[in-house]
Structures are given as C-alpha cells and as structure tokens.
1. Please work out if Phe366 is part of a helix (DSSP H, G or I), at pLDDT 95 or above and aromatic (Phe, Trp, Tyr).
2. Give the number of residues within region 1-42 that are touching a residue at least 24 places away in the same chain (Cβ under 8 Å) and in a strand (DSSP E or B).
3. So in region 77-120, with the set limited to residues that are touching a Gly at 6+ places or on another chain (Cβ under 8 Å), among the aliphatic types (A, V, I, L, M) and more than 16 Å from the ligand (Cβ to nearest atom), which one is farthest from Thr272 (Cα to Cα)?
4. With respect to Thr271, is the statement that it is within 16 Å of the ligand (Cβ to nearest atom), farther than 24 Å from Ser183 by Cα and touching a residue at least 60 places away in the same chain (Cβ under 8 Å) true?
5. Looking at region 198-211, can you tell me whether even one residue there is under 27 Å from Ile352 (Cβ atoms), more than 14 Å from the chain's Cα centre (by Cα), surrounded by 23 or more Cβ atoms within 10 Å (Cβ to Cβ) and within 16 Å of the ligand (Cβ to nearest atom)?
6. Among the residues of region 121-139, count how many are outside any loop (DSSP other than H, G, I, E, B) and either within 16 Å of the ligand (Cβ to nearest atom) or free of Cβ contacts under 8 Å to residues at least 40 places away in the same chain (or both).
7. Which numbered condition in (1) within 13 Å of the ligand (Cβ to nearest atom); (2) under 16 Å from Leu114 (Cβ atoms); (3) crowded, with 22+ Cβ neighbours inside 10 Å is the only one that Cys265 fails?
8. Looking only at region 212-235, which residues are more than 17 Å from Thr322 (Cβ to Cβ) and buried (at least 23 other Cβ atoms within 10 Å of the Cβ)?
Amino acid sequence: MSRVWEQSLQEELEGFHKAGLHRKLTAVGQGASPYLNWQGQRMLNLSSNNYLGLADHPMIIEAQIAAARVGAGSGASRLVVGHDLRVQELEDAIATFKHTEAALVMASGYMANLGVLSSMLGSSDAVFSDRLNHASIVDGIRLSGAKHYRYRHNDMNHLETLLRKADEQGIRKKLIVTDTVFSMDGDVANLHEIVKLKEKYDAALMVDEAHAGGVFGPCGEGMCEEVGVAEHVDIHMGTFSKAFGSYGAYIAGKRVWIDYLVNTCRSLIYTTALPPAVIGGIQGSLTLVQEANTLRSNLHAKSDYFRSALQVNGFDTCGSTTPIIPILIGDEGTALAFSKKLAEQHIRAVAIRPPTVPSNTSRIRFTIMANHDQAALEQAAEKIVSIGKELGVIGHG
Ligand SMILES: *Cc1c(COP(=O)(O)O)cnc(C)c1O
C-alpha cells in the first residue's frame, strides 16, 4: 500500500478518535424490530425508522417472494430495456396515493434527492434549503452548482430575506427545498409559511417526506397532506425505507416535472432499475400503509407519552412533535458515554454527532415504533432519566 495514503488515512482516523467522532459498523440481529440482538443480548430498540413496524410484516415479505419468482434482477436501466409492467402499476398507484399527475420510483431516497436536485437546478438558479435538511439534499445541491442559500432552521424571516436577495440579483428560477419532518430533531417544517413565501416570490417547492410518509396524513401520505398544503407542492419526494418498511423512494408531481426527470435525472438514467422483489414489496407496503390508521394512532400515543416523560424531567427534546425524539446533550464525549450507559441497561439508542448534526449539539436520538411495548417504554424512560442525572445532563430536581 502507498505509504502516503496509509499514513494519511491513519492520521485522519486518529483525529476522529480523539474528537469522539469515530464511527464503526456493528452487527445486530433483527435491527428493525422492537427488540434487537446485540452481542448475544436482547435490547430495546429505540433506533429504527421502522415506525409502523411493517418491516417484518408477512404481507410485504410474501409480496417480495412472489415478485422475486419473476427474476432476481431487473437487468438494466429503465431507459434501456424498458421496465416491468408492475413498475408502471406501482407508479400509477403512487400518483393516486399522492394525488398527483405522475410519479417515479427511484432506487433510494439518497439517489432521488441527489438526482432530482442536480438535474432540476443549474448554475444560474438559486436554491433555498433549511440548514437542517438531510445530507442527500445538500449533496444534490452541491452537485448542481446552483447558488445555495441555507436558511436558519425554520426561520421564515431569514428565508424571505434570502429570497428577496436572489430577486435583487435577478435570479429567475428559485427552488425552496425542505424536509417536512427533520430527521435528527423530530420537529416539523413551517409548511404554511413556506407556501406563502413560495407564491410571493414565484419559487418552486420540493419537500422530502422521508420521516413523515406512513406516519402523517389521513392515509399516511405525509405531512403536507396532514396540514393541507399538498396541492401547493411542486415536487414530492419520499422513501419506502422507513415507515413503509421496505426500500426505495418516489418522486411525485405534475407530469411536466416527471417528464423532465426521465430525460435528465442521472440517478434514474444511469442506474439499474430496482429488482422485482423490491417493487413487489413496495406494492405491499403501499397497500398496508393506507390501512394503518390503528398503527398510526398507537405510534402517536406512544411517542407523545415518551416525549413528555423525558420533557418533564428536564430534557431538551429539540422541538420534537413526532416519533423522532432526541435529547440534546451537547458535547460528543458525554453523548457517547450516555449511549454506552444505555447499552448497559439493554437500550439501543445511538449518539448522533457531527457532521450529522451541528457541532456541540450531539444528542441521543430515540425513535418510537407502533409495536413498542408501552411498559418497556415506561421502564426505558425511567432509566434514561437516571442516566441523565448521573451524567449531569439534567438536574437532580
Ligand atoms: C433517510 C432519508 C433519506 C434517504 O433515504 P434512503 O431511502 O434511506 O436513501 C432522505 N431524506 C431524508 C430526510 C431521510 O431521512
């Protein structure tokens, strides 16, 4: 191995260790279930995005197996051989679900954001992005070369100031992009205000419903449907990898946007279509999610309980109003120590550190699932409070 490279890699990795920022992959069993296995131990899983508990649902698994009988792989990009009829049916079903003219299935949420933003935006355009938006949005914007305005988290005055600035510079095409539910804070975008600003400044609006799909909206359509702004959104993006319990992502909107993407979106054009099993699984989960009202209300009741149990004891839950419930800790070392103590108590919840969150806002991020046992959540909350006191994250009251 090249000495230069080896030395440089080792130095950088050592830097991560020293800063408490080193990450490693760990093997767990049943990582999407309420209890997972880690090093031979059964642990309460407060880390999965499988909010409705659908990832091991027999109907989705059966749908995947049945679809896999057609073939294991899809063989080519959709633009090369054409796609399976089932993909067409699925996209029609997604468009109906999202009340849009058309929809596209994409390989993953990351690829959807990367491809859509980099193909929609050019260097003479401006994009306005919440500072806490997902990394895949940031990467798509960077790849596009568009003028990148990052507004302070949910700060509508700041967003308007930046929109006005772009107008003054004569920038013609403007796009506002936001997560609807923020993945590390569990709070919600100010969608009504964003829609007002989008109309006032004649911008387009793209939303990322990754953590809201399945969880919010009368049939799990997402947060835009929940708060009644869906029809004002130009590009709806969401994933099937979280509450839907399977894999892949979608883009939905007016036909003209979708047509444009088919012609320009490189992460659609230059990648092999999803395998039949995944398409089958998505079909199964799309049906289940729309019927999951009981699961949704269980999920919200448990999330509300867990959040207030932490709040009344003095934890800062970062404005969460969703099943994503962080507790703010601050420095990386304490966050890691907290996570380690949780593991000793058979609770799996990891420390989220920079660069995933801004520096000095390291936190433990808990996620609730509809099929969590209420008594287990109550015991976990007690343990979390006692660790919080021990580490001085909260007062002794
Ligand atoms: C998880 C996530 C993605 C990426 O989706 P994948 O399907 O996992 O690639 C994109 N945006 C947000 C907000 C996410 O939380």
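1. Values: part of a helix (DSSP H, G or I): no; at pLDDT 95 or above: yes; aromatic (Phe, Trp, Tyr): yes.
So Phe366 does not fit the description; no.
2. 4
3. Top of the filtered list is Ala102.
4. Details: within 16 Å of the ligand (Cβ to nearest atom): yes; farther than 24 Å from Ser183 by Cα: yes; touching a residue at least 60 places away in the same chain (Cβ under 8 Å): yes.
Yes, satisfied.
5. At the first step, the residues of region 198-211 found to be under 27 Å from Ile352 (Cβ atoms) are 206-211.
Among the residues that remain, those that are also more than 14 Å from the chain's Cα centre (by Cα) are: 206.
Pick out the ones that are also surrounded by 23 or more Cβ atoms within 10 Å (Cβ to Cβ) and you get 206.
Imposing the further condition that a residue be within 16 Å of the ligand (Cβ to nearest atom) reduces the set to 206.
Checked region 198-211: at least one residue is under 27 Å from Ile352 (Cβ atoms), more than 14 Å from the chain's Cα centre (by Cα), surrounded by 23 or more Cβ atoms within 10 Å (Cβ to Cβ) and within 16 Å of the ligand (Cβ to nearest atom).
6. Step one: list which residues in region 121-139 are outside any loop (DSSP other than H, G, I, E, B), which gives 126-130, 135-139.
Then keep just the ones that are either within 16 Å of the ligand (Cβ to nearest atom) or free of Cβ contacts under 8 Å to residues at least 40 places away in the same chain (or both); that gives 127, 129-130, 135-139.
So the count comes out to 8.
7. The failed condition is (1).
8. Residues satisfying the conditions are Val233, Ile235.
The values are calculated or read from the model by the stated rules, or taken from the named source; none is laboratory data. Since this is a predicted model, take the numbers as computed values, not measurements. Counting neighbours? That spans all protein chains shown, and the Cβs are built from the backbone with ideal geometry, glycine included.
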